[in-house]
There are 6 protein chains.
Amino acid sequence: MARMKRLDEMTSKEFAETVDGKTIVILPMGIIEEHGPHLPLCTDSLQAEHLAERLAQRFGALVLPPLRYGNSSSTIGFPGTISLSFDTIRALVKDIVSELVRNGVRKVMVLSSHAGSGHLCAIREAVKDVVIEADGRGIVVRGLVVSDYEVLYGLTDRGIDPRDGHAGDMETSRVMVLRPGLVKNRSQAKDSTKKIPDFLVIAHPEKEWTGIRGFPSKASKKKGQMLEDMAFEEISKLMRTL
Amino acid sequence: MARMKRLDEMTSKEFAETVDGKTIVILPMGIIEEHGPHLPLCTDSLQAEHLAERLAQRFGALVLPPLRYGNSSSTIGFPGTISLSFDTIRALVKDIVSELVRNGVRKVMVLSSHAGSGHLCAIREAVKDVVIEADGRGIVVRGLVVSDYEVLYGLTDRGIDPRDGHAGDMETSRVMVLRPGLVKNRSQAKDSTKKIPDFLVIAHPEKEWTGIRGFPSKASKKKGQMLEDMAFEEISKLMRTL
Amino acid sequence: MARMKRLDEMTSKEFAETVDGKTIVILPMGIIEEHGPHLPLCTDSLQAEHLAERLAQRFGALVLPPLRYGNSSSTIGFPGTISLSFDTIRALVKDIVSELVRNGVRKVMVLSSHAGSGHLCAIREAVKDVVIEADGRGIVVRGLVVSDYEVLYGLTDRGIDPRDGHAGDMETSRVMVLRPGLVKNRSQAKDSTKKIPDFLVIAHPEKEWTGIRGFPSKASKKKGQMLEDMAFEEISKLMRTL
Amino acid sequence: MARMKRLDEMTSKEFAETVDGKTIVILPMGIIEEHGPHLPLCTDSLQAEHLAERLAQRFGALVLPPLRYGNSSSTIGFPGTISLSFDTIRALVKDIVSELVRNGVRKVMVLSSHAGSGHLCAIREAVKDVVIEADGRGIVVRGLVVSDYEVLYGLTDRGIDPRDGHAGDMETSRVMVLRPGLVKNRSQAKDSTKKIPDFLVIAHPEKEWTGIRGFPSKASKKKGQMLEDMAFEEISKLMRTL
Amino acid sequence: MARMKRLDEMTSKEFAETVDGKTIVILPMGIIEEHGPHLPLCTDSLQAEHLAERLAQRFGALVLPPLRYGNSSSTIGFPGTISLSFDTIRALVKDIVSELVRNGVRKVMVLSSHAGSGHLCAIREAVKDVVIEADGRGIVVRGLVVSDYEVLYGLTDRGIDPRDGHAGDMETSRVMVLRPGLVKNRSQAKDSTKKIPDFLVIAHPEKEWTGIRGFPSKASKKKGQMLEDMAFEEISKLMRTL
Amino acid sequence: MARMKRLDEMTSKEFAETVDGKTIVILPMGIIEEHGPHLPLCTDSLQAEHLAERLAQRFGALVLPPLRYGNSSSTIGFPGTISLSFDTIRALVKDIVSELVRNGVRKVMVLSSHAGSGHLCAIREAVKDVVIEADGRGIVVRGLVVSDYEVLYGLTDRGIDPRDGHAGDMETSRVMVLRPGLVKNRSQAKDSTKKIPDFLVIAHPEKEWTGIRGFPSKASKKKGQMLEDMAFEEISKLMRTL
């Protein structure tokens, strides 16, 4: 198994000697966002960063410094949520991936544990723009923009409950593995299946749900480890298309 | 049952006398896009426009002039696709909905039969921006951004095959109902389940699939009518949240 | 005489077989805008769309789906006017013409019956941008951006009254031909020559005039047909420069 | 008659004591642009600046530092033309007028001797944006955006030849009055009525005409003075609407 | 002494209970950038992050997740430099600070060890925009945008050599304290005082210098600690103006 | 000594015959900005314009029409300051320099006597963008963006008092030379060393200082001439790097 390397802990010289068109570079992304009364604002970041490191190890990939800043619609009315605009996320990812390409990188994965649809769309638009611009100059770049939660939500045949999501059973379980000290007051984290009506666009989503979707009460370390392993294996498969 | 009205066939005076905060205004959207060798480039537009008219009739809503211009990633390499940028679609929808709000409208539905993820995201970002800006001025606007295909894809328990999509059984069936004269050379429309690898971002998606996803060979008028009726009923339910 | 074809009613295959550098593509544009108490908000769209179809027939051109969305300054204070920003109109036309060029089209006419100066300027800037960008890549594109009203206003030697304009004699006459059922309450449409002072820029133009400029009382079907024929012949001449 | 003052030759204290809601501020604009082999690149600037000073004197207005930078389409292929983009001109004028409004000014005239349609449209869009934004905050601003050439072209009943324009009889005559030393090689300035076909948008307008439209051979100082006087009187009338 | 807290390790509930108008929030910024053959690409990030934590501890401030992405001109031709555009940095900082303000924060410090002039200007413009917009809504926000290197460069009377800068004595010394394992091949890090000519703007700055300015050979852990202490004390003084 | 020429007083023909890759073009920039009760708002413009003309004469350079519009943060609360946004200044300079490059110019100096950090940064970003874009097309452009005050502030070893700046001894002295009639009420111009706290970003800088930094009471014509001569010689050295 290859050793994971943080891209920015290398010197310029090491970078020049190491990186070529076969190198996979991974950008882990999260967000600072309400996750119930019991999980930290960095919940998504913790998951993406840990998963990125495991995947980098398996694939001999380089990991970029994580971006703990993202875009969210549904939690914007809750304390502590820092939501960057669609355009800022897109510009940010576009510049980073562009600069990687300028440095000779041709395979990039953005891995975001935050799976907000605007957030992922901004990232995809950014990567697509870079890939198409590079193509116009005869450079073939392949990008993978994936959220472990998009992947997990698709695995209903393997026990994933489609009613569980933000700050629910899955996220609580995974943070219990990664940073148990940051899980607090679980008794205050009430299970809830209330959600914002589908397709509705309103100014105050925080009035339509509790900030938790699913079942934090069912969380366990064991489940957390299992979920991460599932995500790890599924994303490994996707990375082989790079 | 109320009578459907086209918003722009009214005079200024009729508009002033008719429209108030309870009026629902519907914007039908499609795209000019490859739909196999057998369906017209306006396939999505035909579906959205017809459905919008039926829904407007049921709800006494006003229908805006349709927008047959949209954004697509996956068909951009095929002849005849006209794909506007994300930003243009967003600006367009934002300006239209903004102007409706300036004119006193408070309930808007954008109905797009094209369900490209960037396309729908651009529309949602636009409507969200208007809703939030209005909220900042104390005006409550409710928006609904929905694709009949997002709705249909969710109905796997009612016989929808998740492998059928763009230019497949469902779309062929529906155009056979709406404009049978525009369905041509069905024998050339080969069934196919090949698709662009999940989450991959590449410059030439047209090399990864045939431009058809699913089973045009299975299409029938009867199925077309049934699908439209299903979409009509499901979207009617959503419209009650407006 | 060639047969008019709607571009988006073709299949991708037909498009590929039909369109080349000699094809003329016409984009008809209007606006949703106050036109007195007697004419519909879509007055400009009706005229552009009908004229585009006649011209397409004469020249064997393709007609794009019409855009009934435009930009206006002078009617923005009247009920029912939907005015998109300068930048949105420019982006919209730029993307559409760009995509045509990407698809091999080299001759494009935008025909707008709405002749607002900002509106036409936005369209011209858009087409110019595409033409110049294409030139930078060695591709020769020719564009024609024309309003039948700019053309008619220039024909004072053939009986056009320079005091007649928006919702006046000419527009009323033409809608009487195209959609007589949409002309209403003509007795309420008062003749007026009041206009916004030349070159003045103010926030409330609707306080400076009645929303009618000219003489709706003089309108007749006969005149309407004659005006359309004049515009048709004059624009035919312009199209020969493409 | 009031004394003309240059706004930026005052001190901050004088400005504070002098300027209020009744003050008219004039921004003279020109462009650096080919004007035949015989007139300087600053031809338009000379005219606007001199006229602005005379008008300021009559109305007790303040004159801003001139902007000798503008936007042009038709002369862009000739040596020495410096054409700023539409967006830059718009941003520039918008910022200047905005800042005047922030400083308490409520009446602004932009006087541009360059009458390119994109150029004037950019200025009008800018002033309109400021006027409408101010209106939203309850501040009434009135703007006048005028070109002496738009005014002169309208005076065909007073001897203006509609075939004379850029670098022709009128402009040559006026520069002969203002800066005779900058008029050179008049024998090389051939009369010409060749023009870019109406409404056509092409990449190389410099191939369609000579860079002169009209009759430089007919120019005279006397005519130059008469034209400026005509423009002076006509624009004085317009300024009374401010 | 207060305890340093990472803002995003709190829960939403803790955030709501902790943060008010007196809270100081610190955003540490660095860049991924060439720092000679001997220092890691994350050199600036290491310094900013450690200093931010010490300052947060002294002032009971909250530390945001660091941004290891910045803008650079002078190192852009060397391997491994990832330089985001001016506009992206500005948008990023603006959104983050805006969101803090929306959450009730009124005192923000951005601390960047990268002192590129465009980079710092982008941050200042961003913070200024937020501060002025907040002021327009009656909210008083105070921002501090500071680089420890701007501070140190000003201390020439305390032994700072004005010829030492990027990847020189000071930076080498400080990384030797913070992450000695990341300092490599010091023998290859040649002292150099060659620099890009003042005020010159060119496309290939990497041809004008070695990527080191100053004297890495003189570096020592002792000096590194002393420099950090100096920066710590000086920035503490500045923070008292917040 | 070469003769100074104003670029825009040439004809298109003269421009074509004169300008080539060796021509240096100088753009003088100032701002309309409070300069105490005693100096005119155009103080910075006067200095830049005069210096540009002297330098042009020495180097046979061409002088562009001056831009008396700039960006300022610190004087924005004082009457008469007209501050354009960062983006407008950047766009303006970028378009001008781009157009020079399109016309064959390869050496450009922007000389701004206003030395606001945002203002100079906007200019530098603009010139850098043009230089890098030109490089991408194989065209070598060299730019120099310099403020005589940045240069003078660096000459503390030659008697420049670091506490003197905006509207102080130096500026007063220089305007006394250039336009003595515009210096007024010197008795009201109080010496002051109060300044906005370093690195602080606030909404109302005008509350933190008097609008004068330094010692207007010490000004003299003799000093004014000496300062200009110093700036002239120092900038001459810099111009040799072009």
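A short reminder: the numbers here are calculations on the coordinates, not readings from a lab. Since we're looking at a predicted model, the values are computed, not measured. Reconstructed Cβ throughout: ideal geometry from the backbone, glycine too, with neighbour counts over all protein chains shown.
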7 Å along Cα→Cβ, label-point gaps from A:Lys222 to other copies, nm, shortest first: 5.1, 5.9, 9.4, 9.4, 10.9
Shortest-first nm distances, F:Gly77 label point to equivalent points in other copies (7 Å, Cα→Cβ): 3.7, 3.7, 4.5, 5.5, 6.0
Point-to-point label distance, F:Asp135-F:Asp20, nm (Cα→Cβ direction, 7 Å offset): 2.6
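If you count the DSSP beta bridges with both ends in the protein assembly as shown, what percent of them are antiparallel, to the nearest 5? Please list the in-between numbers first.
Values: 36 of 138 bridges.
In the protein assembly as shown, approximately 25 percent of DSSP beta bridges are antiparallel ones.
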In nm, spacing of pseudo-spin labels at A:Arg186 and F:Asp198 (7 Å Cα→C-beta vector): 5.1
DSSP beta bridges in the stretch F:26-155 [antiparallel fraction, %, rounded to 5]: 15
For the stretch F:75-90 versus the stretch F:104-136, the gap between their alpha-carbon centres in whole angstrom: 19
Label-point separation, E:Thr241 to A:Glu233 (7 Å along Cα→Cβ), nm: 5.9
Cα-based shape type of the protein assembly as shown, given that a ≥ b ≥ c are square roots of the gyration tensor eigenvalues and the cut on a/c is 1.5: oblate
Assigned charges on the beta-carbon of Lys, Arg, Asp, Glu; the protein assembly as shown dipole about Cα centre (debye): 0
Percent antiparallel among DSSP beta bridges (both partners in chain B, rounded to 5): 15
Exceeding the 32 Å Cα-Cα cut-off - candidates A:Lys94/E:Lys190; C:Lys194/D:Lys94; D:Lys107/F:Lys13: A:Lys94/E:Lys190; D:Lys107/F:Lys13
Magnitude of the charge dipole, chain F, Cβ model with Lys/Arg +1 and Asp/Glu -1, debye to 20: 500
Among F:Leu111, F:Phe86, F:Leu100 the positive-end extreme of the charge dipole of the stretch F:68-128 (Cβ point charges): F:Leu100
Net charge, E:Lys22 excluded, C-beta distance under 10 Å - Lys, Arg +1, Asp, Glu -1: +1
Positive minus negative residues near C:Phe199 (Lys, Arg vs Asp, Glu; Cβ under 10 Å): -1
DSSP-assigned coil residues among trypsin sites (Lys or Arg not before Pro) in the stretch E:97-153, each with at most 12 further Cβ atoms within 10 Å: E:Arg137
The stretch C:5-239 - percent relative contact order, Cα under 8 Å, separation 6 or more: 23
Stokes-Einstein diffusion coefficient of the stretch B:122-242, Kirkwood radius over Cα pairs, 37 °C, 0.692 mPa s, in µm²/s: 196
Nearest-first distances (nm) between copies at E:Gly136, label 7 Å from Cα via Cβ: 0.8, 0.8, 3.2, 3.2, 3.3
